[in-house]
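The values are calculated or read from the model by the stated rules, or taken from the named source; none is laboratory data. Being a predicted model, the structure only gives us computed values, none of them experimental. In this analysis, Cβ positions are derived from the backbone assuming ideal geometry, glycine residues included, and neighbour counts consider all displayed protein chains.
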Amino acid sequence: MAVDVMPVDVAIVGGSYAGLSAALQLARARRSVVVVDAGARRNRFAESSHGFLSRDGEAPAAIAAHGREQLLAYPNVRFVEGTADTAGRDGANLVVSVQGENIAARRLILATGVVDELPSIPGLQERWGRAVFHCPYCHGYELGQGRIGVLATGEHSFHQAMMLPDWGPTILFANEAFEPDAAQAAMLEARGVEIERERVVAVDGAKASVVLDGGRSVSLEGLFVASRTRMASDLPAALGCEFEDGPLGPYIRTNEAKETSVEGIYACGDAARGAGSVSHAVGDGVTAAVAAHKSLIFGVH
């Protein structure tokens, strides 16, 4: 994977919110940056994004596009469209291969994101990000205190069901995936959460109408599900990064500076935390970029 060109200071794999935020800090430090972007943001299914200061309610694509436009005003930043296929070391440098082009960098930031894996229930995937959600802080307010459902996927669904009554009357669909114990059932009752134990066979309707095994349908303003996640890219594992086992899936292990277990490699955004949002991703990007920049100056990692 050897290259003959002068390495850039930092290569960033992932051009969504975390990657853009990291690139901005490094650009302003007058460091050379290459951002590799496959264009598949995790929240691309949502019509609007909420909770990010000054951009509340805007379309996710518009937020990302505006950030990219601002970033490209810096002459020391280059974007490469495509998927990073492989990565490895070439002496002191890290090299990322993108559709035949090898990009050498002194430091590497992984902002590769995750993929949501939903239960195999007809109608669920089609409504993801529009009437089926995972984060109440991102989408709960817009449901107008209407009736909300929680589709259980495991133990974590208890936590989700306990939170959601602040946004509207809540029904927990146990769906043979979670059965609260006596203490949990008492806590759910105290929060006013109904428990529906009949199996869910489909989701339909203009919003999120849950169809039960016996044919009964429950109309909702929105349905929340704690989706499992997996890495969107094989690069972190291929580079030898260590992982943490989160309640909803693995994520890249980092220290407080967002450095991974591999020297010179940093990670930020949803790939490097147990739960995410646009605000968290942007903050993580800043932390990873500042740490990478300092390591270029002081030679510590």
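Values for this structure:
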{"read-out": "Selection within segment 272-291 - outside any loop (DSSP other than H, G, I, E, B), touching a helix residue (DSSP H, G or I) at 6+ places or on another chain (Cβ under 7 Å) and buried (at least 18 other Cβ atoms within 10 Å of the Cβ)", "value": "A272, V278, A281, V282, D284, G285, A288, A289"}
{"read-out": "Residue identified as out of contact with any Gly (no Cβ under 9 Å at 6 or more places or on another chain), at pLDDT below 95, aliphatic (A, V, I, L, M) and under 30 Å from E58 (Cβ atoms) among A206, A272", "value": "A206"}
{"read-out": "Members of segment 147-206 that are charged (D, E, K, R) and either farther than 17 Å from V132 by Cβ or without any contact (Cβ under 8 Å) to a residue 60 or more places away in the chain (or both)", "value": "E155, D166, E176, E179, D181, E189, R191, E194, E196, R197, E198, R199"}
{"read-out": "Any chance L24 is without any contact (Cβ under 8 Å) to a residue 24 or more places away in the chain, more than 21 Å from A237 (Cα to Cα), in the same structural domain as R89 (by TED's automatic domain parsing) and among the aliphatic types (A, V, I, L, M)", "value": "no"}
{"read-out": "Residue that is nearest to L71 (Cα to Cα) [pool: residues in segment 228-287 that are of a type in the set (S, T, Y) and more than 15 Å from the chain's Cα centre (by Cα)]", "value": "T287"}
{"read-out": "Exclusive hit being assigned to a strand (DSSP E or B) and either touching a Lys or Arg at 6+ places or on another chain (Cβ under 7 Å) or touching a residue at least 60 places away in the same chain (Cβ under 8 Å) (or both), set V35, V10", "value": "V10"}
{"read-out": "Qualifying position, being of a type in the set (A, V, I, L, M, F, W, C), surrounded by fewer than 19 Cβ atoms within 10 Å (Cβ to Cβ) and over 25 Å from L108 (Cβ atoms), among A46, A61", "value": "A61"}
{"read-out": "Some residue of segment 242-258 being in contact with a Leu (Cβ under 6 Å, 6 or more places away or on another chain), closer than 26 Å to A46 by Cα and in a strand (DSSP E or B)", "value": "no"}
